[in-house]
Structures are given as structure tokens and as C-alpha cells.
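Report on one structure; see the data block that follows.
Throughout, read-outs are computed from the coordinates displayed, never taken from laboratory work. Predicted model, so just to flag it, every value in this text is computed and none were measured. When we count neighbours, we look across all protein chains shown, and the Cβ atoms used for this are built from the backbone with ideal geometry, even at glycine.
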């Protein structure tokens, strides 16, 4: 367990006096209002796809990672699919609107950005955290200016049930935070509609994808979610981190400048787990300078360009790959090679080295056509305890930036 009163964040990113003043005050207030006792580890993450995209997206997930469908439900507005990996790790909840004309606040934000508009309902929604009492969570956070969805103004009923509560979209990240005070596996208790049975053809699509993964030796090598990374605007970095730490029992692990890409990587983690896959880290990436100031210098700014082209949103979800070898080839290289043979496109080669010393290897896939999310694979070798290396992140950011450009180069051209 991390002692937040004495912990000193890692990294070389210089934070403002404002951030340094309010970070410990937020920790103190969180404990005083009882949130640290009310809210526990991450229970799940929620991703919305367009009408008709859920089954192909579930098949994509079955090939690329450890998640498998356990149950499906039908609400007034959505099909809801619950997926599980290791029972100790967070669930994945995929939601698909019943109507191609469905829209909510996230849809309207997506339509403002040129590379998000074509899939206006496709976005990472947010995380769900375990809680002991939703009324107590709301009572603790509403006086702190955290706004929650109520049933009478919910555009989709799943955002406000008796046992599942979501915040409004964050002004800084356009993500939500959710809380559940029953077992997320018990969808009857959660109150998520009636049972939905897949057709035999849909079931075979998912089973076939899982068989492909097993036949290619991927299944036991790709583990749970390691972290999820949101990209935000330069000026919103500190506000986004402090807001998130107001709402969940995480801590600011540290922040590093990625000078080559004119950005910083900022990490929040759970202080009460030894394995991030139990409650994955939440990462915030932002430009070091806003675009209009960077125009004086003309430095790379793929992070800011991403936000201007796609909007504030989740950029990628990372899976941990088990450390090991297949015939002298590191697991991550083997997994990437097998996925590439199955048609998965990657942005560049695997970066990092795993020889005799502790280190890590990482790679980004191209973004999913269904969720618009990039998948990262990361293998920590020889007990490497760090979260990333600057050189790896710089290479990954550069590769993603080259793939995420608007065809005219900038949003307003």
C-alpha cells in the first residue's frame, strides 16, 4: 500500500504550483469524505460501438486479447455485452445502440471532429469502479462539483440504474466514471434489461475468432488490461488528473516529458494492488504547448493533433503480454507476428529490447474500425518494474501520429 502523504511522484515533468498545492489536498479530502473507503478497484470498462458493429468488434477482441463474452442483455436503447478475462481483472462492457439514429452527448461531441464524425457513436465511455453504496458516493462527490447522471435525464437507462451510476462526461477528457455497488457479473442485480441470446451465426463468429487465437498460440500469452491512455489538450493536463483523482482512489504515480514528441505521459495508479491488471493504470497524455504556441517552433505535436482531429478521448488500451519466449523469440514478437498473419495491422515494429537486462517491449496496432481504439501490447522482461521508457513512448507516439493525421494535415485547413 502506497503512503500518499509521503510518496513523491516519479518523472521529470514539472507541474505547476497549483497542481502541487491541490494534489495533497485532494488526497486528504478524499479520505475525509470517505471516498477511499466507499470506492474500490476497477470493476469494468465500457466501450460503445455503432449500431451493427458489436459482434464483429467482439470477434476482433477475441482474436486480439483475452476477453470472452459471458452474457448479453437488451435495454430500451442498447444491446449490452459483458466480457470477462481473468476473474480477478476488470470486465469489458461493450454497448451497441439499437437504432442507427441513436445519439447522446458523446455522439454530439464526436461529430465536431473530422476523424471521429464517421463513427460518431464509437468511443470509449469510461471505467466502472466497485463501490459499497452509490448514494454515499454521490453524497460525497456532488458537493465537490462532480455531476452525476440521474434516471430522469439519462439518454440511455444503463447510465443510471439503482446499482450503476455514471458521472457526466468530463469537460477535460470527455470520459465518464461509473460506480457499481453489486457484482457486475450479476446483470439482473445491476438492472441491465432482459437476457439477449445471440443467433447461431453470431455465436459461430465469436467461437471461430477464439479458435483462431488458440490455433495461432496467442491465447495464453496475452493477459489482462495493463493501462488505458486518454489524450487531452495541453492546458487540460493538470485539471484532468486532479479531477480523476477526486473521483477514484488512485494516486499520481508520476509524469515524464517525451521531448522528441513535445508531449508528456502522466500516470495514475491504484495504491493497493501489486498487479496493475487487477485495477489498470489510467494514463493522461498531453502536448507540452498548445498548437497556436507551438506554431512558433514548428515542433512535432501528434498528441495535440490527435485531440484536434478526434476530440478528447481514449487513445489506446494496453494488454500485458506474459514474459517469455517461443523458440528464442520474445512472446510479444511472436504474438504480433501471429496477429499480423491473421490480418491485424500494426503501426510500426516492436520497440524496446529484452536481452539480458530488465526492459520492456511495446507496439501499437492500428486503430479498430469499430471502436477507433488502438491496442497496445507490452511485455516486461526480466522483472522490469517501470511503466515505460522514453524512447519507446517517443517511437510509439510518432508512429501513431503519422497514422492519425487529417488528410489536409490540420483540422481547420
Build a GNM of the chain with springs between Cα atoms under 10 Å: which of 225, 74, 233 gets the top mean-square fluctuation? 74
So what is the relative contact order for the stretch 84-210, in percent, with contacts set as C-alpha pairs under 8 Å and at least six apart? 20 percent
By count of other Cβ within 10 Å, fewest leading, how are 81, 109 ordered? 109, 81
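I'd like to know how the stretch 295-350 sits against the 2.2 N^0.38 Å rule of thumb: what's its Cα Rg over that expected value? Present the calculation step by step, with values, prior to reporting the outcome.
Numbers: Rg = 16.5 Å, N = 56, 2.2 N^0.38 = 10.2 Å.
Against the empirical 2.2 N^0.38 Å value, I get 1.63 for the stretch 295-350.
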May I ask you to compute the full-extension gain from residue 153 to residue 117, defined as 0.36 nm times their residue separation minus their alpha-carbon distance, rounded to one decimal in nm? 10.5 nm
Tail beyond 20 Å, pair distance distribution of the stretch 87-221 (Cα, percent): 58 percent
Taking the alpha-carbon centroid of each part, what is the distance from the stretch 17-86 to the stretch 100-155 in angstrom? 12 Å
Residue exposure sequence - 354, 33 - by fewest surrounding Cβ within 10 Å: 33, 354
Convex hull volume of the stretch 149-288 per residue (C-alpha atoms, cubic angstrom): 178 Å³
When the expected Rg is taken as 2.2 N^0.38 Å, what fraction or multiple of it is the alpha-carbon Rg of the stretch 26-126? 1.29
Kirkwood Rh, angstrom, the stretch 7-70 [1 / mean 1/r, Cα pairs]: 16.3 Å
Below 8 Å, C-alpha to C-alpha, sequence gap of six or more: please give me the relative contact order for the chain in percent. 18 percent
Give me 108, 369 sorted ascending by neighbouring Cβ count inside 10 Å, so fewest comes first. 108, 369
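Determine the gain in length on full extension of the stretch residue 204-residue 18; use 0.36 nm per residue of separation and subtract their C-alpha separation, reporting nm with one decimal. Show your work: numbers first, answer last.
Values: separation 186, 0.36 × 186 = 66.96 nm, distance 5.45 nm.
Here the segment from residue 204 to residue 18 would lengthen by 61.5 nm.
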Contour excess over end-to-end distance, with Cα ends at residue 345 and residue 108 and 0.36 nm allotted per residue: 82.4 nm
So what's the back-of-envelope 222 nm ellipticity for the chain, counting only DSSP H runs of four-plus at -39500 (n - 2.57) apiece and dividing by all residues, rounded to 500? -8000 deg cm²/dmol
Gap in Å between the Cα centre of the stretch 233-255 and the Cα centre of the stretch 287-361? 22 Å
Identified option (computed mean projected area of the Cα convex hull in nm²; candidates (1) 28.9; (2) 19.7; (3) 23.1): (2)
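Rg to Rh ratio, the stretch 76-115, alpha-carbon atoms and Kirkwood radius? Mind dumping the intermediate values first?
Values: Rg = 13.9 Å, Rh = 12.4 Å.
With Rh from the inverse mean 1/r over Cα pairs, Rg/Rh is 1.13.
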